[in-house]
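Presented below is the structure to which this report refers.
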Amino acid sequence: MPSALVLIAHGTEEMEFTITYDTLVRAGVQCTSALIVPKSEKEPETRWAVCSRGVRIVPDVSEAELTTQYIEQFDAVIVPGGAKGAETLSQSPLVQQIVSDFFKAGRVVAMICAGSLAAKTAKLLNQPITSHPSVKSELEKDFDYREDPVIISGNLITSRGPGTAFPFAFALVERLCGVEKRREVIEPMVFPSRTPLC
């Protein structure tokens, strides 16, 4: 069974986190959410993450539990956006190390919205990438910036924002579980006909 580490922080965008997590679970991916706190905080103030619109999510594990041995069990790492959350995640030395290690090992690295800033802070190679328009200027000098809903560049998958969360999640399902599983997951969701799910 494929597995994914889904990162979260205070200020993470709810839709990007929950749509991705939920869709992967529907495909049979074993998901684990991990709370990352700013470098200035030694211990999290609460057991939950307060997301960008106030939704509270209780992560599965804390940052302290993310040992090297524990992290190595995952097939993918996912970095959601949300301005404040993405700042915390992209500036975290641990997240930078995870992203770099996963990328070098050929495991899936997925980022959506401002979460794509982690590609820069982890010093990934220049390649096609996308993000929320608000952080385009911070990425276009170091990457081949594009504005497609989802960009797949080898084992790096990036997307634009809440409105592209489903296509992003489906791209992950296809990469981790195959085309047939993607079709199986989409059908019972009952999307309106002609909904673009690229």
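The numbers here are math on the coordinates, done by the rules we state, and not lab data. Fair warning: this is a prediction, and the values are worked out from it, not measured in the lab. For neighbour counting, all protein chains shown are included, and Cβ atoms are generated from backbone atoms with ideal geometry for every residue, glycine included.
Taking amide H atoms as placed 1.01 Å from N in the peptide plane, the amide H of Cys31 lies under 5 Å from those of Ala4, each 5 or more residues away in sequence or on another chain.
The spread of Cα positions in the chain, taken along each principal axis and listed from longest to shortest, comes to 48, 36, 34 Å.
Helix-derived [θ] at 222 nm for the chain: sum -39500 (n - 2.57) over DSSP H runs of at least 4, divide by residue count, nearest 500? Rounded to the nearest 500, it is -9500 deg cm²/dmol. The relative contact order of the range 3-189, computed from alpha carbon pairs under 8 Å that lie at least 6 residues apart in sequence, is 22 percent. Out of Thr23, Ile151, Leu5, whose Cα points farthest toward the positive end of the dipole of the chain (charges: +1 Lys, Arg; -1 Asp, Glu; placed on Cβ)? So the residue furthest toward the plus end is Ile151. Sequence-ordered 3J(HN,Hα) estimates for the range 105-116 from the Karplus curve with 6.51, -1.76 and 1.60 and θ = phi - 60° stand at 7, x, 7, 6, 10, 10, 9, 9, 6, 6, x, 5 Hz, glycine and proline given as x. Dipole size of the chain about its Cα centre, with +1 on Lys/Arg Cβ and -1 on Asp/Glu Cβ: approximately 260 debye, rounded to the nearest 20.
Going by neighbour counts of Cβ atoms within 10 Å, the residues Ser153, Ser52, Ser131 line up, fewest first, as Ser153, Ser52, Ser131.
When Leu176, Leu7 are sorted by how many other C-beta atoms sit within 10 angstrom of their C-beta, beginning with the fewest, the order is Leu176, Leu7.
Each Lys and Arg contributes +1 and each Asp and Glu -1, all at the Cβ; summed about the Cα centre of the range 60-163, the dipole is approximately 280 debye. Put in line by how crowded their Cβ is, counting other Cβ atoms within 10 Å and starting with the fewest, Glu147, Glu13 read Glu147, Glu13. The range 107-129 and the range 17-34 have Cα centres lying 20 Å from one another. Phi angles across the range 183-197 convert, under the Karplus curve 6.51 cos²θ - 1.76 cosθ + 1.60 with θ = phi - 60°, into 3J(HN,Hα) values of 4, 4, 6, 5, 3, x, 6, 6, 5, x, 4, 6, 6, x, 10 Hz, Gly and Pro given as x. In this structure the amide hydrogen of Ser52, modeled in the peptide plane, comes within under 5 Å of the amide hydrogens of Gly11, Thr12, Glu13, Glu14, none closer than 5 places in sequence on its chain.
What residue among Ser134, Ser62, Ser159 shows peak mean-square fluctuation when the chain is described by a Gaussian network model with Cα springs under 10 Å? Maximum fluctuation in the GNM of the chain, among the listed residues, is at Ser134.
Taking Lys and Arg as +1 and Asp and Glu as -1, the other residues whose beta-carbon sits under 13 Å from that of Ala165 total -3.
Between Trp48 and Glu187, the simple spin-label model (points 7 angstrom out along Cα→Cβ) gives 3.7 nm. Derived scalar couplings between HN and Hα for the range 7-13 equal 7, 8, 8, 4, x, 5, 6 Hz in order, rounded to whole Hz, by the Karplus curve 6.51 cos²θ - 1.76 cosθ + 1.60 (θ = phi - 60°), x for Gly and Pro.
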